[in-house]
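Presented below is the structure to which this report refers.
The values are calculated or read from the model by the stated rules, or taken from the named source; none is laboratory data. Everything quoted here is computed from the prediction, not taken from an experiment. All Cβ positions, glycine included, derive from the backbone under ideal geometry; neighbour counts span all protein chains shown.
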Amino acid sequence: MITIESPASLKETLSRSGLTSFLNRARAAVGLRGEVEVLLADDSTLRSLNKSFRGKNKPTDVLSFPTPAEIANSHAGDLAISLEIAARQAGTYGHSLRDEVRILLLHGLLHLSGFDHETDNGEMAAREAALRTQLKLSNTLIERTTALPRKPASHTARKTSHPKKASSVSKKATVKTTKAKTKRGAK
């Protein structure tokens, strides 16, 4: 399920059904069996989650929270995406907010499936590139670290990391649910 908590500053609207359809295709392509909960929210929410679970007091574009293996077949995990960062990154890379959210969804799903671009010697980047082509997406997050933006942005996109973390549907439920899921230690 996708929950959209759109910031007032966001001019572009997103189709929940369109994003859900993409999420399901991408989830199948990645090889995740379980359902994935997604929260699309503002920078403030992502900052709070990032501080709570990673100790970093700044917003990030995507957080992923895998679930324990014993329930992964029914619930693969949770994702949280900052729509404000996604909008800035979309402007920087010259595509729509919808496309940027799709890129972030794919990136987060790969983290839920166990990939970690910070430690895997390029395995996640290769898999993300292949899936991006299959799913007809533009530049992946990992490719961006070596490529220049296609057009200048009015706001500089913040450099962010893409940890294995999650969120739940509401802000209060997110913290309670995710703390229970991540007691085994956050990465």
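Name the residues in region 133-142 that are surrounded by 13 or more Cβ atoms within 10 Å (Cβ to Cβ) and either at pLDDT 90 or above or not in a helix (DSSP H, G or I) (or both), would you? Result: 135, 137, 138, 139, 140.
The residue pairs whose first member lies in region 85-96 and is among the basic types (Lys, Arg), whose second member is part of a loop (DSSP other than H, G, I, E, B), and whose beta carbons are closer than 6 Å, counting only pairs six or more residues apart or on different chains, are 88/155; 88/157. Is it the case that region 12-29 has a residue that's over 18 Å from residue 99 (Cβ atoms) and of a type outside the set (D, E, K, R)? Yes.
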